[in-house]
Amino acid sequence: MKEDWKRLAVEWSGKDWAFSAAHAWEKVVKTTPTAFNLTQYADNLRLCGKWTEAEKVFETVNIDEIPEGYAFTFYVRKGHLYKDQGQLDKALECYQKSVSYQPDTTFPYVFLYEVLSIKGNLEEAEAVLLEALSKEGDTDEVYYNLSINYARKGDFKKAFECMKKCIQLYPEYPNAKKWLADFENMENELKVEKN
């Protein structure tokens, strides 16, 4: 029976059936409370909006049981819990801990960027995204966010260039062409105003 619940938990997680997956992961952790299983259970509780329960489960995870190459994902998921609740300082702390493991993938850096951006720390957000460009993964998303960050700082030339790189990597990136046109227009308007 234990193997059946694990199989279902993985299958339902893959289908984004958070309530079904949380139920199955609960069955799994009753017999096999490993760090991986507990993290999966906590994350699915989060997705169900059961934040208090999710936090309690996250607190039971022994991070030392997670292989170092995967420990960053624990902090990403825990960061999501706090971000969902609007607890940005706690989310920031988790995402910073995640990137301290120097993962080879872009997504933890993007999540750290999002919180830094929300908090208005655009310089640090830029540095995080520039570091993410040396990682594997969705570099189109990194360029997209870097472009928005430059635009927020008023540097429409850099915003335009980064959005062009985003579109080169993924021509159908949502809203990218709209932003590209907007940034080009702003750059032209600023040139006219200077003259």
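The values are calculated or read from the model by the stated rules, or taken from the named source; none is laboratory data. Please read all numbers here as calculations on a predicted model, not as lab measurements. Positions of Cβ are generated from backbone atoms using ideal geometry, with glycine treated the same way; all protein chains shown enter the neighbour counts. When the accessible area is computed, the model is the full protein with side chains, heavy atoms only, and any ligands, DNA or RNA have been set aside. Shrake-Rupley method; radii C 1.70, N 1.55, O 1.52, S 1.80 Å.
For this structure, a couple of remarks:
- Considering (1) under 30 Å from LYS191 (Cβ atoms); (2) open to solvent by 50 Å² or more (accessible area, probe 1.4 Å); (3) small (Gly, Ala, Ser), the lone condition that SER100 does not fulfil carries the number (1).
- Test: residue in the stretch 122-136 that is closer than 22 Å to ILE66 by Cβ, at pLDDT 95 or above and either in contact with a Cys (Cβ under 9 Å, 6 or more places away or on another chain) or surrounded by fewer than 18 Cβ atoms within 10 Å (Cβ to Cβ) (or both): yes
- Within the stretch 52-74, being crowded, with 16+ Cβ neighbours inside 10 Å, not in a loop (DSSP other than H, G, I, E, B) and not charged (D, E, K, R) holds for ALA54, VAL57, PHE58, ALA71, PHE72, THR73, PHE74.
- Applying the condition of being in contact (Cβ under 8 Å) with a residue 12 or more places away in the chain and farther than 24 Å from TYR101 by Cβ to the stretch 30-48 and asking which residue is most open to solvent (accessible area, probe 1.4 Å) yields THR31.
- Residue check, GLU114 of a type in the set (Asp, Glu), over 22 Å from ASN175 (Cα atoms) and either open to solvent by 10 Å² or more (accessible area, probe 1.4 Å) or out of contact with any Pro (no Cβ under 8 Å at 6 or more places or on another chain) (or both): no
- The listed residues are LYS97, LYS56, and the only one of them that is among the basic types (Lys, Arg), over 15 Å from the mean Cα position of the chain (by Cα) and within 20 Å of ALA35 (Cα to Cα) turns out to be LYS56.
- None of VAL192, VAL142 is among the β-branched types (Val, Ile, Thr) and either under 30 Å from GLY86 (Cβ atoms) or surrounded by 14 or more Cβ atoms within 10 Å (Cβ to Cβ) (or both) except VAL142.
- Qualifying residue in the stretch 75-96 (condition: touching a residue at least 12 places away in the same chain (Cβ under 8 Å), open to solvent by less than 10 Å² (accessible area, probe 1.4 Å) and farther than 30 Å from GLN40 by Cβ): no
- Identity of the residue in the stretch 172-189, outside any helix (DSSP H, G or I) and not polar (S, T, N, Q), that ends up least open to solvent (accessible area, probe 1.4 Å): TYR173
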